[in-house]
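**Q** Can you read through this structure? Questions will come right after.
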Amino acid sequence: MSKEEKKGFLHYLYKHRFLMGRRLTQVSIMLLYIGGNIYGWNILKGNLSSSKLFDVIPLADPFAVLQMFFAGAIVAVDALIGAGIILLFYALIGGRAFCSWVCPMNMITDFANWLRVKTNIHREEWQLRITRKTRYLAIAMALTLSLILGMPAFEFVSPISILHRGLIFGMGLGWTMVLAIFLFDLFVIKNGWCGHVCPLGGFYSLVSKPSLIRVDYDYGKCTECMECVKICPESQVLHMVGKHSSLVSSGECINCGRCVEVCNDDAIYFSLRFLEKSKEAVSHEGK
Amino acid sequence: MSKGRKPPVNESRRKFLVRSMQAVGISILGGVVWGAFVKENTYDPLAIRPPGALPGDDFLKKCIKCGLCVEACANRPTVPYKNGKKMITLRLASPGDNKPLGTPYFIPRDVPCYMCEDIPCVVACPTGALEPDLVSSLVDGKKSLDINKARMGVAVIDHKNCIAFWGLQCDACYRACPLLDEAIYIVPSRNPRTGKHAFMVPQVDPDHCTGCGLCEHACVTEKAAIFVLPREVALGKAGKHYLKGWEEHQEINGYEPQEEKKEKGKSPESYLNSEDLLNE
C-alpha cells in the first residue's frame with residue numbers, strides 16, 4: 001500500500017486506465033446521443049437500439065432485430081445492415097465489449113458492486129445463488145415470447161433500453177427500473193444483472209466468442225495473488241489463473257480490463273487472438 | 001423406490017432432472033409475468049402514431065424504439081416555437097406514459113402533426129415501421145412522398161359541445177385544417193331558434209382527413225370538441241354486401257366488377273354447351 005501511495009496520482013491513473021477509458025467511452029457515447037437529440041448533432045443519432053453514425057452508417061441492436069425476426073417481422077434493410085455491422089464488430093473484433101464499454105447500465109451495476117464490496121455487504125454466504133446460465137434461459141424466454149406474442153418481447157421490458165432511452169428522450173418513471181437493478185445488484189446478487197440475468201449480455205456472450213481482442217494469461221509470470229479473479233465481474237472466465245497459461249477464450253469475458261489493471265506481475269494483459277503469447281510461455285509444468 | 005436406494009451415480013441424474021424442472025418452473029413463472037406485461041403494455045388502441053405507421057400490431061412488431069423519428073421531428077428546420085420552447089410533435093413513450101414503451105406517438109391537443117412535406121420522421125425510420133409507401137403517391141410515374149396520404153387517425157366532432165352547433169360563429173378547426181374544404185368543410189343551415197341566423201357547422205370527410213390534429217389543437221372549447229381518434233376506433237364499416245348502386249365505379253368495394261366479369265365468362269349458352277353441366 002505504501003508503495004502505491006508513493007507512486008502517487010499518475011500511478012493511480014495507470015492502475016485504472018481501462019476503467020477510466022470505459023467511463024469516458026460510456027459517457028461520451030451517451031452525450032453524443034443526447035446532443036443528437038437536443039442539438040441535432042450528426043455524429044450519433046437515435047439510441048443503442050438503432051442509430052445513425054455520421055448520418056450515413058446505420059447501426060442496430062442485433063438482438064432486437066433477432067427478436068423482431070421471431071416476432072414475424074422482416075425489418076427494412078437499414079436495420080439489417082446496422083445489426084450486421086454491430087454483430088460483426090463484436091463477434092470478430094471487440095468481444096463482449098458492449099457490456100463494459102458502451103452499455104450505460106454497466107455504470108449503475110459497477111457502482112452497486114463497488115458499494116457492495118466497500119460496505120462489506122458482500123459475503124459469499126449471504127448472497128442469493130443463481131446460475132450465471134440464467135441469462136441463456138432469459139434469451140430462450142425472450143425469443144419464445146417474441147414468437148408467441150408477435151412482439152419483440154425483451155425490447156418492451158429491457159432495463160437497458162429504459163435507461164439509455166430515458167437519458168436521451170426523457171426518463172419518466174424509468175428510474176424505478178434502474179433503481180430496482182441497482183438494489184438487486186447491491187443486496188441480492190453480486191453482478192446479478194449483468195453477470196447472471198441480462199439476455200443482451202448473454203447474447204453477446206454467445207456471439208462474441210471468436211473475437212480478435214482477448215485477454216491473455218501468462219502462468220509463468222503469475223504470483224497467484226488472485227486479485228484478478230477477485231475483481232473480475234465474470235470470474236468464471238478466469239478459471240485458468242493459477243493453473244496454466246491460456247487465452248481467456250470464454251465469450252462471457254466483457255473485456256473490461258480490470259484484471260489487467262490490478263495485476264502487478266504483468267501476467268495478464270490484452271492481446272490479439274493470433275498473438276497468443278502465453279502459448280510459448282510456461283504451461284502445465286509450472287514455474 | 002422401496003427396495004434399497006440406488007447408488008450415488010443416479011444422484012447426479014436426479015439433480016439434473018430437478019434442476020431442469022426448476023428451470024422450467026422459473027421460466028413459466030417469469031414467462032407468464034413477462035408475457036402478460038408485454039401483452040398489456042402493447043394494447044393501446046388509442047395511440048396516435050406518426051404518419052406512415054404500419055397498422056396496429058405490425059407497427060409494434062417492427063418499431064425498434066430508437067427514436068430517430070422523434071429526433072427528425074425535433075430537429076427539422078421548420079419546427080415551430082411557442083414561448084421560446086420547441087413545439088415537438090413526436091414523443092417516445094417512457095414508463096409512466098401508459099403507452100407501449102419506447103414507441104413514438106403524439107398528443108394532437110398539445111402538439112399536432114404539422115404535416116411536413118418531406119416527412120422527415122418517415123425517412124428516418126430504419127426498420128420500415130414507418131413505411132414510406134404508405135405516404136407516397138405516383139407523380140409522373142415516380143413515387144414521391146405525399147403527406148396528404150397520411151392516415152394517422154380521423155377527426156371526430158362532438159356535436160353537443162361544438163359551439164358552432166349551438167349557432168355560435170366559430171370556424172377555428174376549419175381554418176386550421178391543412179386540407180381546408182376537403183377534410184373539413186362547412187355546412188350551412190337555417191337556425192330555427194332565431195329564425196334569422198344560420199348554423200355554420202363543420203363536418204369531417206374521413207376520405208381526406210389525415211388525422212394531423214391541427215383542428216383539435218385549434219379548437220377553442222375547454223376540452224376539444226373536435227379530436228383525433230385512430231381510424232379503426234372511430235370509423236364503422238358497412239360491409240361488402242352494401243353497394244352504392246348509384247356510383248359508377250364500383251371498385252370502391254371491389255365486389256361488383258368481379259361479379260360482372262364472371263357473368264361475362266359464363267353466358268347461359270356457354271354454360272349449356274360446356275361439359276361442366278355433365279360433371280355437376
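**Q** Hey, what angle do you get for helix B:256-265 against the long axis of chain B, alpha-carbon based, 0 to 90 degrees rounded to 10?
**A** 80
**Q** Could you put A:212, A:44 in order of accessible surface area, largest first, with the 1.4 Å probe and the full protein assembly present? Write out the running numbers ahead of the final one.
**A** On the way: A:212 55, A:44 15 Å².
From most exposed to least exposed: A:212, A:44.
**Q** Okay, moving on. Can you list, by residue number, the Cys in chain B that have no neighbouring cysteine C-beta under 4.7 Å?
**A** B:63, B:66, B:73, B:116, B:125, B:162, B:170, B:177, B:209, B:219 - these cysteines have no disulfide-compatible partner (Cβ-Cβ under 4.7 Å) in chain B.
**Q** Within chain A, which is the longest segment containing none of the chymotrypsin sites (Phe, Trp or Tyr not before Pro) that sit in a DSSP loop and have at most 10 other Cβ atoms within 10 Å? Present the calculation step by step, with values, prior to reporting the outcome.
**A** Working: sites that count: A:39, A:54.
Longest gap between qualifying sites, sites excluded: A:55-287.
**Q** List the cysteines of chain A that have no other Cys Cβ closer than 4.7 Å: which are they?
**A** Lone cysteines by the Cβ rule: A:99, A:103, A:194, A:198, A:222, A:225, A:232, A:253, A:256, A:263.
**Q** Let me ask something additional. For residue B:198, what charge total do you get from the other residues with a beta carbon under 15 Å from its beta carbon, if Lys and Arg give +1 and Asp and Glu give -1? Mind dumping the intermediate values first?
**A** On the way: positive: B:190, B:193, B:196; negative: B:171.
Value of the local net charge: +2.
**Q** Where is the GNM fluctuation largest for chain A (alpha-carbon springs, 10 angstrom cutoff): A:118, A:15, A:230?
**A** For chain A, modelled as a Gaussian network with Cα springs under 10 Å, the answer is A:118.
**Q** On to the next question. Which entries in A:15/A:118; B:65/B:99; A:15/A:133; B:39/B:99 show an alpha-carbon gap greater than 20 Å? List each step's numbers first, then the result.
**A** Numbers: A:15/A:118 18 Å; B:65/B:99 12 Å; A:15/A:133 31 Å; B:39/B:99 12 Å.
Beyond 20 Å: A:15/A:133.
**Q** Taking trypsin sites (Lys or Arg not before Pro) that fall in a DSSP loop and have at most 10 other Cβ atoms within 10 Å as cut points, what is the longest piece of chain B between them? Don't skip to the end; give the middle numbers.
**A** On the way: sites that count: B:3, B:5, B:160, B:193, B:196, B:223, B:237, B:240.
After excluding every exposed loop site, the longest remaining stretch is B:6-159.
**Q** Which of the GluC sites (Glu not before Pro) found in segment B:39-117 are in a DSSP loop and have at most 16 neighbouring Cβ atoms, other than their own, within 10 Å? Walk me through the numbers on the way to the answer.
**A** Numbers: sites: B:40, B:71, B:117; in loops: B:117.
Loop-located and lightly packed - B:117.
**Q** Taking only Cα atoms, what is the 0 to 90° angle, nearest 10, from helix A:134-149's long axis to the longest principal axis of chain A?
**A** 10
**Q** Continuing with this model, one more query. If I fit a long axis through the Cα atoms of helix B:9-41 and take the longest principal axis of the Cα atoms of chain B, what angle between them do I get, 0 to 90°, rounded to 10?
**A** Long axis of B:9-41 versus the principal axis of chain B: about 10 degrees.
**Q** Related question: Mind checking the mean number of beta-carbon atoms from other chains within 10 Å of the Cβ atoms in A:197-209?
**A** On the way: counts 0, 0, 0, 0, 0, 0, 0, 0, 0, 0, 0, 0, 0.
Across A:197-209, the average partner-chain Cβ count within 10 Å equals 0.
**Q** Got a sec? Which residues in segment B:189-229 would a label at residue B:87 touch, if it sits 7 Å along Cα→Cβ and we count backbone N under 18 Å?
**A** B:210-228
**Q** Divide by every residue of chain A the summed helix terms, -39500 (n - 2.57) for each DSSP H run of at least 4, and state the resulting mean residue ellipticity at 222 nm, rounded to the nearest 500 deg cm²/dmol.
**A** On the way: 11 runs with 127 residues, N = 287.
Only helices count here, giving -13500 deg cm²/dmol.
**Q** Over chain B, what is the relative contact order in percent, taking alpha-carbon pairs closer than 8 angstrom and at least six residues apart? List each step's numbers first, then the result.
**A** Working: 405 pairs, mean separation 45.0, N = 280.
Relative contact order, chain B: 16 percent.
**Q** With an 8 Å cut-off on Cα pairs and a minimum separation of 6 or more residues, tell me the relative contact order of chain A in percent. Write down the numbers at each step before the final one.
**A** Values: 478 pairs, mean separation 58.9, N = 287.
About 21 percent, as a whole number.
**Q** Sticking with this one: Could you tell me the calculated FRET efficiency between residue A:92 and residue B:241, based on Cβ-Cβ distance and R0 = 60 angstrom, to the nearest 0.05?
**A** Numbers: r = 60 Å, r/R0 = 1.00.
Given R0 = 60 Å and the Cβ-Cβ separation, E is 0.50.
**Q** Ok, one more. Using just the helices of chain B, give the 222 nm mean residue ellipticity in deg cm²/dmol: DSSP H runs with n ≥ 4 each add -39,500 (n - 2.57), and the total is spread over all residues, rounded to 500. It would help to have the intermediate numbers written out before the result.
**A** Numbers: 10 runs with 86 residues, N = 280.
Estimated from H runs of four or more residues: -8500 deg cm²/dmol.
The values are calculated or read from the model by the stated rules, or taken from the named source; none is laboratory data. These figures come from a predicted structure and were not determined experimentally. Please note: Cβ atoms are built from the backbone with ideal geometry, for glycine as well, and neighbour counts cover all protein chains shown. With ligands, DNA and RNA removed, areas are computed over all heavy atoms of the protein, side chains included. Shrake-Rupley method; radii C 1.70, N 1.55, O 1.52, S 1.80 Å.
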